[in-house]
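Undergrad: Below is a structure I'd like to ask you about.
The values are calculated or read from the model by the stated rules, or taken from the named source; none is laboratory data. Since the model is a prediction, treat every value here as computed from it, not as a measurement. As a convention, Cβ positions derive from the backbone with ideal geometry for all residues, glycine included, and neighbour counts pool all protein chains shown.
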Amino acid sequence: MIGKSEWFTPRKFGWGLGVRTKEGIVYIMVVAALIAGAANLPIPLEQRLIATFAVLGILVIDILHIMTKVYAKLDEREQKHQAAAERNAAFVAIACLVAYVGYVALTSGTLGQNAQIVSLSAIPEKLMLPVGILLAMSLAKGATLIYQEREG
């Protein structure tokens, strides 16, 4: 692939890669330049979009390849730390989503004399995204546990 895993390290905040060396900085600058260059080609819009998405696709595949190598190099202690951090992030995400669902449920009725009344048919639209996210998180956890049980 294009980039090397030695140029990057796991990020402490957020997900993805952190820069370890100057080559990693150059890689990121080249990636940004390629995307900007493809998006600003002097060709019709449809062809520009195709070129931009082609460049993006290649770069996403390369970055995912780098990420798998970077995270595979972690020792057992680092893997436990990463797992604990991911677990805590998931707890916070779930708490925020549940709080949002509760907020929408509480504020979707009559809010007072001057407040607008939100129709009950609008509630599912407002809750579709957070409920979908919670469902996707649940499916990902279940699939991971099933996979790990079969592997080990």
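Undergrad: Kindly indicate the residue of region 10-38 that is of a type in the set (D, E, K, R) and closer than 18 Å to His65 by Cα and also modelled with the lowest pLDDT among those meeting that condition. Let's see the steps before the verdict.
TA: So the first thing to find is which residues in region 10-38 are of a type in the set (D, E, K, R), and the list is 11-12, 20, 22-23.
Next cut, closer than 18 Å to His65 by Cα only: 11, 20, 23.
On the way: Arg11: 84, Arg20: 94, Glu23: 96.
The selected residue is Arg11.
Undergrad: Now, a different point. So is Ala33 free of Cβ contacts under 8 Å to residues at least 12 places away in the same chain, in a helix (DSSP H, G or I) and over 30 Å from Glu125 (Cβ atoms) or not?
TA: Working: free of Cβ contacts under 8 Å to residues at least 12 places away in the same chain: yes; in a helix (DSSP H, G or I): yes; over 30 Å from Glu125 (Cβ atoms): yes.
It is true that Ala33 is free of Cβ contacts under 8 Å to residues at least 12 places away in the same chain, in a helix (DSSP H, G or I) and over 30 Å from Glu125 (Cβ atoms).
Undergrad: For a quick check of your reading: which helices (runs of 4 or more DSSP H) sit entirely within region 39-152 and have at least 1 residues that are at pLDDT below 85, under 18 Å from the mean Cα position of the chain (by Cα) and β-branched (Val, Ile, Thr)?
TA: Details: elements: 45-72, 76-107, 123-151.
Helices (runs of 4 or more DSSP H) meeting the threshold: 123-151.
Undergrad: Hey, can you tell me all the residues within region 20-29 that are assigned to a helix (DSSP H, G or I) and more than 22 Å from the chain's Cα centre (by Cα)? Write out each step before concluding.
TA: If we filter region 20-29 for residues that are assigned to a helix (DSSP H, G or I), which is where we start, we get 22-29.
Within region 20-29, Lys22, Glu23, Val26 meet the criteria.
Undergrad: Ok, one more. Restricting to region 64-109, and then to whatever is basic (Lys, Arg) and surrounded by fewer than 13 Cβ atoms within 10 Å (Cβ to Cβ), can you tell me which residue is farthest from Phe8 (Cα to Cα)? Spell out the reasoning first.
TA: First, the residues of region 64-109 that are basic (Lys, Arg): 69, 73, 77, 80, 87.
Next, only the ones that are surrounded by fewer than 13 Cβ atoms within 10 Å (Cβ to Cβ) stay: 73, 77, 80, 87.
Working: Lys73: 11, Arg77: 19, Lys80: 20, Arg87: 23 Å.
Filtering first and then ranking leaves Arg87.
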